[in-house]
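Before any comments, here is the structure.
The values are calculated or read from the model by the stated rules, or taken from the named source; none is laboratory data. Quick caveat, the model's predicted, so the values are computed rather than measured. Neighbour counts are summed over all protein chains in view; Cβ atoms, including those assigned to glycine, are modelled from backbone coordinates with ideal geometry. The area values use the complete protein model at the heavy-atom level, side chains included, leaving out ligands, DNA and RNA. Shrake-Rupley method; radii C 1.70, N 1.55, O 1.52, S 1.80 Å.
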Amino acid sequence: MQNTKTRLAQSPNLARTFAKYSLPLMFLAMFSLAPKVNASDVATETVASQQEATQRINAIQRDLTSIRQQTMQSNPELVEQAKAFEQAYQKKADEIGYDPNTFIEKAQEIQVKVRDEATSEEERSALIKEFADAKKAMAMQRESILSDEELMGMQEKLQKDTFVAMKKNNADTETLIKELNTLIETLQ
């Protein structure tokens, strides 16, 4: 834990970028990997198996994150490449007004207002429509980023270069990734 805090303190922008990119994946994983509980013994066994797989996935992700951070520390050229990507990403996001933090804050405000008993049904409907519109705009902005070939090329090259460096830094990298992919497939 201390090691992670130290690494995050050393590269806060990289940590924020990683968190920003991994947040949608984390939400997807939470919903797709969440076990469904049934009363039968078979379902209980399945839930236990899913929980075990989920725990292993989490352990592998921690290991890969650690390997990635060690790799970044020992490869300053990768850090520079990541910074260049982050700057290009931020420039594109600014150009199109993409700001996930503002969207999250707005969504939380709307949620509080919708749950408030003092809010009328008409106001609730308007708030829900406002949220749907903001969500749609956010999706369009995200699509605009994903359709930027230069930016996606930079991201792909960074991922490929990072993966190659991680394999050089730690021989277990490829095995861990294969195991992770297998576990994720079994849970789908």
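Over the range 37-188, what relative contact order in percent results from Cα pairs under 8 Å that are six or more residues apart?
Here the relative contact order equals 40 percent.
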ask   = Could you give the nm distance between label points at Lys160 and Lys92, where each point is 7 Å from its Cα heading toward the beta carbon?
value = 1.6
message = If you count only protein heavy atoms with a 1.4 Å probe, what accessible area per residue comes out for the range 94-188, rounded to a whole Å²?
response = 73
remark   = Of the accessible area of the range 106-145, computed with a 1.4 Å probe and all protein chains kept, carbon and sulfur make up a percent value of 55
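Which links in Lys106/Lys160; Lys83/Lys168; Lys92/Lys136; Lys83/Lys167; Lys135/Lys157 stretch past 27 Å when you go from one Cα to the other?
Numbers: Lys106/Lys160 35 Å; Lys83/Lys168 21 Å; Lys92/Lys136 18 Å; Lys83/Lys167 21 Å; Lys135/Lys157 30 Å.
Pairs exceeding 27 Å: Lys106/Lys160; Lys135/Lys157.
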note = Scoring only Lys, Arg, Asp and Glu (+1, +1, -1, -1) among other residues with Cβ under 15 Å from the Cβ of Asp172 yields +3
query = Taking the Cα-to-Cβ direction at Ile104 and at Ile128 and moving 7 Å from each Cα, how far apart do the two end points lie in nm?
reply = 2.6
